[in-house]
Amino acid sequence: MKKILGILLSGLLLVLLPACNKDGDLFFLSGMNSNELMANATDVVLTVATRDSVALSLAWTKSTLSVSNPDVSVPDNILSYTLQASASADFSTTLVESSESNLSKSYLGSELNTVATSLGLAAGTAVPVYFRLKGSIGNNMQPVYSNVVTVNVTPYRIDFTTGYILNASQEVTGTTLYSATENGIYTGFMGATAWYNFYLKEGDGTIWGNDGVSGTAFLLSSENDAAKRWNCWFPGIGGCYYTTVNTVTKQWSALLLPALTVSGDIQGDMTFDRPNVRWTKVFQATSNSISIQLSGTGNLYDYTTGTTDANAISKTFGFTGTPGALQFASQAQALTLTLPSTGTYTLVVDLSNPKALKVEAVQGTEEPDQVNQFVYLAGIDDGITGGSWNFDNTLKLYNEDNLSYAGVINANSKWGYGVNVEKDNWTDLYNLGSGDAYSGTLVYKGTANLPAPTPGLYLFDVSLKGLTYSLTSIGSVIYVSGLNDVWDLTTTLAETSTAGVYSGTVTITKASQWGFKILLDTSWNLFYGGSGGALSYKGSNLTDDASLAAGSYTLNVNLVNRTYSFTSL
């Protein structure tokens, strides 16, 4: 490694005015050592594949400062360093600066690429980037600079056309939004479930989420701090959303398309296929050319409305352009499709790729598969029924993406049980893949029943997509949290003589701002929300306290039937 002359602080004097024993004492600060700035490479070629690896390291030795009076020490932080990068050898053009508190700096490939992009370097071409260290002592002293280190950097192009949707764990979901002009505004359609939450990641690795402030939904932050950047979340209505994430204004919005109507040669409302983000309608073609319009009225949620449904702003929408290159607009225009023949077709409006929205007529019937709302645990209670198997015990869908079902069941099984996907259908079911009575994996149409747990009350959680199952025992009390805006575990409901039914007294003094939950244990992970007397596992919070008068009530909860009720005392 070539040795490079560094910062020379020799002769630099600073008059200090510390507390001293005698008025008029003056102490002088001087630096007699020189720093040495070094780079571990002179040529760096950056690629997307190596963006997360260290591409360049710079290091420098420490300056030693001394005071003319040996009884006075020098503060460690009196000398500050700033590492500068420039595309010009005299540093007269744009600078990229970073404050440094250590004696080295390592750039990941993505970080160095961002520096090169900020300096205006063209992708794919080796261009010299000049580095130097700026040393400062106090605000009123002239800084001194090191020698210049030159590194030839070949950057890659950062694609700002695509915004990647991440889940709550910041994992890639496969859904993307699009910014055609790379202006930091990403748009596209998403098939969201109620309260679906996400982050957006840009091409340079910047991750955007909610700004981390209660009551400010739809405002964005890119701070890499869990306390200052939460995940963004959709309103409590699942469906088709035209989503806009604006990193310039640091706001995002969600336009719910509750229905898409086709008019012209085809008439009626289309069906939304949420997992595939497309709308479909079967029709009979009587000619080889059809003219249609696609339109509707949406509900806009943004920073002015929050996620409150009553505040959503009504917006008309429609599609323009051509069938192979649809454009989303405020009004619709006629679209013409040419068919090879007459007969049965499915009109498909495919919104899954934000770069290529399209409508086409596909021969035959292509209606979306309907997701079962329930699965059935046949055999889970044959110890109660005298040995007969039935379809009376159900788990309800709570996560469509993962095909996850949950429910509380009073289990008493002699021979184990199966997870049947349709009532009275004994053939299509999931059996034991591996595991024990309380957790394991599933296999479709296997040969072994799922093992019977010890008789008792359990929360069953089954994922037909992940092929997993788990059971959690429910204790003698459950908890009510959030009433009167008090989020603790002091309000309890006790089990009754009926398995799965809990009851207790609750007092309402005011409507809670965020509603309340029914918690099954103290982990805060297992809970029910709901509305209108119906419980929903991991659903939106209950808000009955907003319509009930202040006072004391008996709250009855039936976990098996998924119901609840308030009775005034």
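Run down the aspartates and glutamates and flag those whose C-alpha is under 17 Å from the C-alpha of Lys445, throwing out any fewer than 8 positions away in its chain.
Reachable aspartates and glutamates: Glu422, Asp424, Asp428.
Based solely on C-alpha atoms, express the radius of gyration and the Dmax of the stretch 162-367 in angstrom.
Cα only, the stretch 162-367: 18.0, 60 Å (Rg, Dmax).
Based only on the alpha carbon positions, what is the Kirkwood hydrodynamic radius of the stretch 165-231, in angstrom? Display every interim value, and only then the final one.
Details: mean 1/r = 0.0794 Å⁻¹.
Answer for the stretch 165-231: a Kirkwood hydrodynamic radius of 12.6 Å.
Quick check on the chain: helices-only [θ] at 222 nm, where DSSP H runs of length 4 and up contribute -39,500 (n - 2.57) each and the sum goes over total residues. Nearest 500, please. Intermediate values should be presented prior to the final figure.
Details: 1 runs with 10 residues, N = 569.
Estimated from H runs of four or more residues: -500 deg cm²/dmol.
Given the Cα-Cα distance of Ala49 and Thr441 and 0.36 nm per residue of separation, how much length would full extension add, in nm?
137.6 nm
Between Asn40 and Thr271, what is the spin-label point distance in nm, taking each point 7 Å from the Cα along the Cα→C-beta axis?
Simple spin-label model gives 5.9 nm for this pair.
Using 18 Å as the cut-off for backbone N distance, which residues of the stretch 423-452 belong to the label zone defined by a point 7 Å from the Cα of Lys414 along Cα→Cβ?
449-452
Calculate the dipole size of the chain relative to its Cα centre from +1 charges on Lys and Arg beta carbons and -1 charges on Asp and Glu beta carbons; express the result in debye to the nearest 20. Kindly include the intermediate steps, with their values, before the conclusion.
Values: 28 positive and 45 negative charges, 144 e Å.
My answer is approximately 700 debye.
Once each part is reduced to its C-alpha centroid, what is the distance from the stretch 225-252 to the stretch 441-483 in angstrom?
Here the two parts' Cα centres lie 32 Å apart.
Here are labelled values, (i) 193; (ii) 260; (iii) 148, and one is the computed volume of the Cα convex hull per residue in Å³ for what I pasted. Which one?
Looking at volume of the Cα convex hull per residue in Å³ for this model, the match is (ii).
I'd like the distance separating the alpha-carbon centroids of the stretch 404-436 and the stretch 317-377, in whole Å.
Computed from Cα coordinates, the inter-centre distance equals 37 Å.
Using DSSP to call loops (not H, G, I, E or B), can you name the trypsin sites (Lys or Arg not before Pro) in the stretch 128-223 whose Cβ has at most 15 other Cβ atoms within 10 angstrom? Kindly include the intermediate steps, with their values, before the conclusion.
On the way: sites: Arg132, Lys134, Arg157, Lys201; in loops: Arg157.
In loop regions of the stretch 128-223 (DSSP not H, G, I, E or B), the sparsely surrounded trypsin sites (Lys or Arg not before Pro) are Arg157.
Residue by residue, what Karplus-based ³J(HN,Hα) values in Hz, rounded to whole numbers, does the stretch 434-449 have, using 6.51, -1.76 and 1.60 with θ = phi - 60° and x for Gly and Pro?
7, x, 10, 6, 10, 6, x, 10, 10, 9, 6, 6, x, 10, 10, 5
Over the Cα atoms of the stretch 279-430, compute the convex hull volume and normalise it per residue, giving Å³.
Values: hull volume 27.6 nm³, N = 152.
Taking only Cα atoms, the stretch 279-430 has a hull volume of 181 Å³ per residue.
May I ask for the distance between the Cα centers of the stretch 267-296 and the stretch 107-166, given as a whole number of Å?
A separation of 51 Å, based on Cα centres.
Apply 1/(1 + (r/R0)^6) to the Cβ-Cβ distance of Asn311 and Thr150, taking R0 = 45 Å, and write down the FRET efficiency to the nearest 0.05. Working shown, then result.
On the way: r = 57 Å, r/R0 = 1.28.
So the FRET efficiency works out to roughly 0.20.
Spin-label point model (7 Å from Cα, Cβ direction): what's the Ala59 to Lys510 distance in nm?
Simple spin-label model gives 6.0 nm for this pair.
Compute the distribution of all C-alpha to C-alpha distances in the stretch 470-569, in bins of 5 Å from 0, and list the percent of pairs in each, rounded to whole numbers.
Going from the shortest bin to the longest, the percentages are 3, 14, 26, 30, 18, 7, 2, 0.
Taking 7 Å along the Cα-to-C-beta vector as the label spot, tell me the Thr342-Gln370 distance in nanometres, rounded to one decimal.
If labels sit at Thr342 and Gln370, their model points lie 3.1 nm apart.
Every number here is computed from the coordinates shown, using simple stated rules; none is lab data. Since the model is a prediction, treat every value here as computed from it, not as a measurement. Cβ: placed from backbone, ideal geometry, glycine included. Neighbour counts: every protein chain shown.
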